[in-house]
Amino acid sequence: MQYEGVLTKMQTEFGEPIQYYLVFEDSFLNVNQLLDKNIEINFEGYQCLNCGKKKKIFRQGFCYECFYSSAAVGDWIMKPELSTAHLGIADRDLVYEQKVQLQPHIVYLALSSEVKVGVTRKTQVPTRWIDQGAIQAISIVEVPNRYLAGITEVALKDHYADKTNWRKMLTNSVEHIDLIQERLKLENLIPAEVQEYFFLNKNDLYEMHYPVLEYPAKVKSLSLDKTPHFQGKLTGIKGQYLLFEDGTVFNIRGSEGYVVKIAV
């Protein structure tokens, strides 16, 4: 069978194991069903996820112009502490920013490579953790806006990583740490204005199990710009990556906006 369309991040379903879906305009594919099978990926071109034009992708699935104009990729996305919608101050589009920023956010600890701290909207639990390839995650605070989550994350960055080491994550070289006990250490590290939202004893530890037949010892990243045709046997799915028998890994989210044909 053959599937064709614009890559967007895989949709996921929390289960045993996590279920993954590639969704195209006219079809969708349950990627779990491709495990232990040979698949072929062909790069056909680009299509900006924002304007829809067939223009080279710059970052996050957007062309250059859209990346620097769309409210969906403002600086506050990567740096929540820069959020200003709670003050009624716009970055690019106040209506959009109020919709996204002025809703419950979670600050969390996750085990994806080592313990990391991060921020996500409450509606993205546990999707955010699955996308990062975390094997466990736990909430620290639930706050009413993105700004409060951002300043909490900044306060904890001196003690925890805020990025996932993707090579360790994909080779399953993950530290095993008791996140419930780790959370108990944080109360005095959280900003004063967030103290009332701290989860001291909440029992909300998530565990994620991924559809992986075999983890690679070493990984090499597939770039469709450099390798427009690839064929290999799928041996796992973790985070937003496809893992192949020869150690090649393909970051679906990092290739958003790329038009592909996938033959199964």
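Consider segment 38-63 and keep the residues that are in a loop (DSSP other than H, G, I, E, B) and touching a Lys or Arg at 6+ places or on another chain (Cβ under 7 Å). The one that is most open to solvent (accessible area, probe 1.4 Å) is Gln47. For segment 166-181, a residue qualifies if it is farther than 22 Å from Ser139 by Cβ and under 18 Å from the mean Cα position of the chain (by Cα), and the qualifying residues are Trp166, Arg167, Lys168, Leu170, Thr171, Asn172.
On inspection, Thr127 passes the criterion of being within 14 Å of the chain's Cα centre (by Cα), more than 19 Å from Val194 (Cβ to Cβ) and polar (S, T, N, Q). Taken together, Lys233, Lys220 contain a single residue that is open to solvent by 70 Å² or more (accessible area, probe 1.4 Å), under 28 Å from Glu40 (Cα atoms) and modelled with pLDDT of 95 or more, which is Lys220.
In segment 83-120, what residues are open to solvent by 80 Å² or more (accessible area, probe 1.4 Å) and of a type in the set (Lys, Arg)? Once the filter is applied, which keeps residues that are open to solvent by 80 Å² or more (accessible area, probe 1.4 Å) and of a type in the set (Lys, Arg), segment 83-120 yields Arg92, Lys99. Could you check Leu148 against (1) farther than 28 Å from Leu22 by Cβ; (2) open to solvent by less than 60 Å² (accessible area, probe 1.4 Å); (3) at pLDDT below 95 and say which number it fails? Leu148 satisfies all of (1) farther than 28 Å from Leu22 by Cβ; (2) open to solvent by less than 60 Å² (accessible area, probe 1.4 Å); (3) at pLDDT below 95 except (3). The residue pairs whose first member lies in segment 160-185 and is of a type in the set (A, V, I, L, M, F, W, C), whose second member is open to solvent by 80 Å² or more (accessible area, probe 1.4 Å), and whose beta carbons are closer than 7 Å, counting only pairs six or more residues apart or on different chains, are Val174/Lys168.
When Ala155, Ala137 are screened for being outside any loop (DSSP other than H, G, I, E, B) and surrounded by fewer than 19 Cβ atoms within 10 Å (Cβ to Cβ), only Ala155 passes. Only one of the listed residues (Tyr215, Tyr206, Tyr210) is in contact with a Pro (Cβ under 7 Å, 6 or more places away or on another chain), open to solvent by 60 Å² or more (accessible area, probe 1.4 Å) and hydroxyl-bearing (Ser, Thr, Tyr). That residue is Tyr206.
The values are calculated or read from the model by the stated rules, or taken from the named source; none is laboratory data. Only a predicted model underlies this, so the values are computations on that prediction, with no experimental measurement involved. Here the Cβ is made from the backbone with ideal geometry for all residues, glycine too, and neighbour counts use every protein chain on show. When the accessible area is computed, the model is the full protein with side chains, heavy atoms only, and any ligands, DNA or RNA have been set aside. Shrake-Rupley method; radii C 1.70, N 1.55, O 1.52, S 1.80 Å.
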